[in-house]
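Read-outs: derived from the displayed coordinates by stated rules, not from any lab. None of these values were measured; they are calculated from a predicted model. Here the Cβ positions follow ideal geometry from the backbone for every residue, glycine too, while neighbour counts run over all protein chains shown.
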Amino acid sequence: MRRIKSSVEVNSADFLANQARNRELLAEFRLRQDDARHKRADRDLERLKKQKKLTPRERIELLLDPGTPFMEISSLRACEDYDGQVPGAGVVGGIGIVNGREVLVHASDSTVKAGAWYPKSVAKSVRLQEIARENHLPVVHLVDSAGAFLPMQSEIFPGHKMGGHLFYQQCKLSAAGISQVAVVLGHCTAGGAYVPTLCDYSIMVRGTGGVFLGGPPLVKAATGEDVSAEELGGADVQCGISGTADYAVDSEQEGIALARELVGTFKRTIKADVDKRDPEEPFYDPKELYGVIPKDTNTQFDMREVIARIVDGSRFHEYKPDYGTTLICGYAFIHGYKVGIIGNNGVLFSDSAQKATNFMELCNRDRVPLVFLQNITGFMIGKEYEHEGITKHGAKMVMTQSNLDVPKFTVIVNGSYGAGNYAMSGRAYEPRFLFMWPQSKISVMGVEQAAKTLTQIKLASLKKQGKTLTDEEAQAIRDDIAHDYEHKSSAYYSTSEGWDDGIIDPADTRNVLGMAISAALNKDWEQSSHGVLRI
Amino acid sequence: MKREIKLGDAFYTVTAHRHGDDYTAHRHGDDYTTIINDGEALRARLEHIGDEDYQVVINGQSTPVKLISHGEQAFIHAFGRNFELDVIDPVDRAAEQSGSSNAVKAPMPGIMIEVNVKPGQQVSAGEPLLSIESMKIMTVIKAWRDGVIDSVNYAEGDAFDKNAVLVAMVEEESEGE
């Protein structure tokens, strides 16, 4: 495979200006992520210390094999909601290595509102379980949650992917042959009691761990019975008397060590058979991506320069390079795994959509996982393009992409607009993982067009009511609309809402994809067989 | 495995066969005869001593070599001389001969945002010539080679259609006249 020849000049004024801007955005991201992970009120940390509890990140560190990476999912979930008071949505999750096995870690964050479930906490937990199911990963639950945040119960309790879905998914994971172990590090009350109980193995810490359908205050109120938490559903009761849990331990450290031992007994999965070779570092430094990505999101750049800084040896075989040139398709290796890459180099035309469809069919037949690199304003519009059938060609791309058997991975590297987001495997198309770069924008159309349209509608309705506006008032309305729209198009809003699995440092893209592909291969797939059409 | 290499300013075609740790190198059709005799396959062994230090063994005679490789390029110090070696990519080689176009055509309808050059102006490869905007994306068109601007067909603010010729350079052969 040939090496991409970069034409980026690392000393040019453009490169340096881009780099300065993108490093600034990266620093902002790092700061926000660091705060979401570690910045807590002293009283919350002291309360944990008094209870002899560890923080969720200390627990995870004890759980994972020393020196192995932890791929955190959605570290900034809920960052634009609840006044920023529920960092990470009160849940820490990701993929790590335990006793040599890739596992999904699902931990309550008891440093945030005593681990209470907000609507976005539940949604994040549901997504983590989905990751476990889609990629056949064993789950370790580190349970320490106060339960549902009552004032918001209507957004947590009964809907399809709300609270109840957590337990439903645990049952489905079990039936799919995916092992689950819980370490109970706090009180699991009511529905929460099912989390450890629906696991294959449940470990409880004496003194702090408790499992009960109704806690002591509820029992007292309902029946008048006076009972301590430990007597009602403590570790010795549930492990020794009821058999609801399996192992009673004296400390969190002991419980987590036991969980490690248990994971070590799980059957190792045989990974899906894909083309592999020895990994090789990219020839071009991934940190050069900061200078490759334009400081203005509306400026075009060559996606090959991005590919060169993600793939092994910067080597890339480009498929059909002279056809449908606004879309780059081709083969490369990432961390030694062969992948098909589809990246935008402009607007999608009929020919680029057809090329993508053809390429996806080839990859699917040959068991080559697909990586989508999104920088897309949408499909080309206008009479000429409608007459040549751009809508049906786009539909082919969406159809084939939706029905791929091979795992797919999406990175939004810059803009993600309109139907382009769909065709390029946006969140709704269930890629195994989807990550975003900090400067990215995501919305149904660009901010300028949207603000113009929305302002016109608003002004028209005001006019109907007989109100006349000065130019300044009209401009102020436009500015408000644009500001709100811009905010809701940002990577932070996206990650807060869970439209992605996290914002990542562009220079980490290669490693994140490598880990994601490796995790995804824990689940093999059925191969549908039909010939590849030259469309 | 047949490869074209560039050593200094000269191009050579070399065939390398692997025999365990050894390579047999065979050079084709030229009369340069310092290391390898024309048509005669010589067995050469390159031994790695450490870092960039190697020794090459030819016909039982060993010579120290320093070799630093960077992508498809290698810098070699041997036999008291410095060599710069490039491995030529066969696909690039074939593409080179197809020649490049003298004009840039619009990939889609759009608007001219900025014109940085005038006809008759000398430009060097990579220099920004124009900025265009289509479907809300701004694209900077840069000089694809050194040359002289022949024509710029749209002014700032003008709209153009797909395949419109935006900028052209004077044909390479005629520039010297």
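Would you kindly calculate the translational diffusion coefficient of chain A, applying Stokes-Einstein with the Kirkwood radius from alpha carbon pairs, for 4 °C and a viscosity of 1.567 mPa s, and quote it in µm² s⁻¹ without decimals? Stokes-Einstein gives a translational diffusion coefficient of 52 µm²/s.
Starting with the highest mean, order A:225-233, A:359-367, A:306-314 by the number of other Cβ atoms within 10 Å, averaged over the residues of each peptide. Don't skip to the answer; put the middle values down first.
Working: A:225-233: 14.8, A:359-367: 20.1, A:306-314: 25.4.
Going from most to least packed, we get A:306-314, A:359-367, A:225-233.
Just list whichever of A:Lys172/A:Lys267; A:Lys5/B:Lys118; A:Lys53/A:Lys161 have alpha carbons separated by over 26 Å in the model shown. Too far apart for the 26 Å limit: A:Lys5/B:Lys118; A:Lys53/A:Lys161. Packing-based ranking of A:481-491, A:502-512 yields A:502-512, A:481-491, ordered from highest to lowest mean Cβ neighbour count within 10 Å.
Expressed as a fraction of 2.2 N^0.38 Å, the C-alpha radius of gyration for the range A:52-207 is 0.95.
Legend: residue pairs A:Lys392/B:Lys142; A:Lys392/A:Lys488; A:Lys320/A:Lys396; A:Lys295/A:Lys488; B:Lys105/B:Lys142; A:Lys441/B:Lys136, Cα-Cα distance threshold 23 Å; pairs beyond threshold, A:Lys392/B:Lys142; A:Lys392/A:Lys488.
More than 12 Å apart: what percent of Cα pairs in the range A:447-488 qualify? Walk me through the numbers on the way to the answer.
Details: 486 of 861 pairs.
That tail contains 56 percent of the Cα-Cα pairs.
Taken residue by residue and averaged, Cβ atoms of other chains lying within 10 Å of the Cβ of B:130-139 number 6.
Between the amide H of A:Arg77 and those of A:Gly88, distances stay under 5 Å, these residues lying 5 or more places away or on another chain, with hydrogens modeled in the peptide plane.
What's the ranking of A:466-476, A:117-127 by average number of surrounding C-beta atoms within 10 Å, highest first?
Working: A:466-476: 10.3, A:117-127: 24.1.
Most protected by this proxy first, the peptides run A:117-127, A:466-476.
Each residue of the range A:282-296 was assigned a 3J(HN,Hα) from its phi angle through the Karplus curve 6.51 cos²θ - 1.76 cosθ + 1.60 (θ = phi - 60°); the sequence is x, 5, 9, 5, x, 5, 5, 4, 4, x, 6, 6, x, 5, 9 Hz, with glycine and proline shown as x. In this structure the amide hydrogen of A:Gly94, modeled in the peptide plane, comes within under 5 Å of the amide hydrogens of A:Ile73, A:Val105, none closer than 5 places in sequence on its chain. When Rg and the Kirkwood radius Rh are both evaluated on Cα atoms of the range A:80-167, their ratio Rg/Rh stands at 0.98. Its Cα gyration tensor gives the range B:103-176 an equivalent ellipsoid. The semi-axes, each the square root of 5 times an eigenvalue, are 22, 11, 10 Å from largest down.
The range A:349-363 and the range A:183-262 have Cα centres separated by 54 Å. Dividing the convex hull volume of the alpha carbon atoms of the range A:1-137 by its residue count gives 178 Å³ per residue.
The Cα atoms of the range A:257-317 cover 52, 28, 19 Å along the three principal axes, with the biggest extent listed first.
Fraction of C-alpha pairs exceeding 18 angstrom in the range A:17-61: 48 percent, rounded to a whole number. For chain A, the 222 nm mean residue ellipticity estimated from helices alone, with every DSSP H stretch of n ≥ 4 adding -39500 (n - 2.57) and the total spread over all residues, rounds to -12000 deg cm²/dmol.
Normalised by the number of residues in chain A, the mean separation of alpha-carbon contacts (under 8 Å, six or more apart) gives a relative contact order of 14 percent.
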